[in-house]
Amino acid sequence: MKHSLVTELLAHLLQCSFSGMVGALVVPYGQSFGRSLREIERHTQACTHDFSMHSRRVVSATFSKMKQRGLVIAHGPKKKTVWRITARGKQHFKQMNIDHSLPPKDGKIRLVIYDIPQKMNTHRVWLRTRLLVCEYALLQKSVWIGIRPLPKELRNELKERGILSYIHVVGLEGLRSDLGSE
């Protein structure tokens, strides 16, 4: 089982399934549920993960091995299977991608907004993975939301990579999340 493919698949399940959940839970007043579903579909189509470099057989085999290890579960019939990441899968993803401890959740809502140029795509992919590890969720294409401060080590890595100037962290003062009390 290829380590990088496992990381990509787990990141995809974490990032893309959560953005759909946020869209389903937050239906603006006066907007139909059908329109909300269409917006979820649009977000899903805007997924940044590309598995075209892997054959269908390799991806399928990797999912099967991940299922055997308890990292993912499958629902539905064969051709319409929906894969979900398990708590064990989330923990595995974090262990594979983090080399420092996370600050505790404080419940304060933060937005991370970035505009990293296309020519620096590897840095964008790296940043998305790090934000997932910090338990931030994709809100829009380059906008992430979380309820814990970013680790100091991450800020240092951003400086070292020369991308700190492309990233803005906005704290939403006065707003607190109930999720911080988990």
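FYI, it's all coordinate maths here, none of it is from the lab. These numbers were taken from a predicted model, which means no experiment stands behind them. Virtual Cβ from ideal backbone geometry, glycine too; neighbours counted across all protein chains shown.
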For each pair in Lys90/Lys141; Lys119/Lys159; Lys67/Lys90; Lys67/Lys152; Lys65/Lys141, compute the distance between the two Cα atoms and list the pairs where it is over 24 Å. Lys67/Lys152; Lys65/Lys141
Once the piece of chain linking Asn156 and Lys105 is laid out straight, how much longer is it, given 0.36 nm per residue of separation minus the C-alpha distance between them? 16.3 nm
Ranked by how many other beta carbons lie within 10 Å on average, peptides 137-147, 68-78 from highest: 137-147, 68-78
Once the piece of chain linking Val170 and Val58 is laid out straight, how much longer is it, given 0.36 nm per residue of separation minus the C-alpha distance between them? 36.3 nm
Between the alpha-carbon centers of region 49-86 and region 115-149, tell me the distance in whole angstrom. 23 Å
Multiply the residue separation of Gln68 and Val143 by 0.36 nm, subtract the distance between their alpha-carbon atoms, and state the gained length in nm to one decimal. 23.6 nm
